[in-house]
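The values are calculated or read from the model by the stated rules, or taken from the named source; none is laboratory data. Predicted model, so just to flag it, every value in this text is computed and none were measured. Here the Cβ positions follow ideal geometry from the backbone for every residue, glycine too, while neighbour counts run over all protein chains shown.
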Amino acid sequence: MRIGIFGGSFNPVHTDHIALCEYVKNTLQLDKVLLIPNGQPPHKNSCHISFNDRLSMIRVSDFKNLPYVEISLIESDESINHYSLDTLKVLKELYKDDDLFFCMGLDSLNYLDKWHHGFSLIDYASLVVTGRVGFKVSDANPPVLEFLKNHALYKNDPDFSSKIAAKKNYCILLEKEFNSISSSAVRNEFKALYDNHKLSDKSYDVFMADDGYPLCKQYLNSDVIKYILEHHLYSI
């Protein structure tokens, strides 16, 4: 079985998360995708929204319509930092006979040498790298470029499919770029809503009637927006 691993803070979950998941699943013919919300990611030490709220937003998002997606709580403990290498070690023990594909954006790959034992990730899973607007492989840190000389597999490789099936871990560079949606900009739009309306007016209908908040309306589904408003998330 081919299993994708898609982690993140999902703060909040948005449509690009869903689109990226579908693209990777279809491109690599994955059987399942493990969606792993981070309790406390080490590179984001100010995630003020609780794990349970972020998990609840995922559950009401369009991920619920993807039958191959399974939410994993392996990084749910908010009291500790969660490193991808440690998570992959556990998952490889759980899925000994399966092929694991760890998803990341090109922006993350470019500084993989700064991760906690980042180059060791490939010992446990293939790395699946999707493009990000404004980022190029050639801009990667020198140690990453050296790493790619030995491990890169490009989507336009004529033997791409056979190499994927060869039970060898690669750093798979996919062609499609995804928008660099700023989660902080989305959060700031909600903060602006709270500043512009009385607390009692922060309903979904008030939100939709307002001409502002274009990012939220474009990239969040209605149930996620409703959850945020009902629980007054991103008010500070």
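Here are the numbers:
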item	result
Options GLU93, GLU78: the member that is within 25 Å of GLY118 (Cα to Cα) and part of a helix (DSSP H, G or I)	GLU93
Of all residues making up segment 189-232, the number that are out of contact with any helix residue (DSSP H, G or I) (no Cβ under 9 Å at 6 or more places or on another chain) and polar (S, T, N, Q)	2
Residue match in segment 126-139 (condition: within 18 Å of the chain's Cα centre (by Cα) and farther than 25 Å from VAL24 by Cα)	no
Segments classed as helices (runs of 4 or more DSSP H), wholly inside segment 138-231, with at least 3 members that are exposed (fewer than 12 other Cβ atoms within 10 Å of the Cβ), at pLDDT 95 or above and out of contact with any strand residue (DSSP E or B) (no Cβ under 7 Å at 6 or more places or on another chain)	142-151
Unique match (being assigned by TED's automatic domain parsing to the domain that holds PHE119, loosely packed, with under 14 Cβ neighbours inside 10 Å and among the small types (Gly, Ala, Ser)) among SER84, SER79	SER79
Out of PHE10, PHE51, sole residue that is crowded, with 21+ Cβ neighbours inside 10 Å and aromatic (Phe, Trp, Tyr)	PHE10
Which listed residue, of LEU229, LEU173, LEU215, is out of contact with any Leu (no Cβ under 9 Å at 6 or more places or on another chain) and touching a residue at least 12 places away in the same chain (Cβ under 8 Å)	LEU215
VAL133 assigned by TED's automatic domain parsing to the domain that holds LYS163, over 17 Å from PRO37 (Cα atoms) and at pLDDT below 95	yes
Subset of segment 76-130 (residues that are charged (D, E, K, R), at pLDDT 95 or above and touching a helix residue (DSSP H, G or I) at 6+ places or on another chain (Cβ under 7 Å))	ASP113
Residue within segment 46-65 that is in contact (Cβ under 8 Å) with a residue 60 or more places away in the chain, part of a helix (DSSP H, G or I) and either closer than 30 Å to LEU153 by Cβ or out of contact with any helix residue (DSSP H, G or I) (no Cβ under 7 Å at 6 or more places or on another chain) (or both) present	yes
Top-ranked residue in segment 96-117 [being assigned to a helix (DSSP H, G or I) and touching a residue at least 24 places away in the same chain (Cβ under 8 Å); ranked as surrounded by the most Cβ atoms within 10 Å (Cβ to Cβ)]	LEU109
Count of residues meeting criterion [aromatic (Phe, Trp, Tyr) and without any contact (Cβ under 8 Å) to a residue 60 or more places away in the chain] in segment 74-95	1
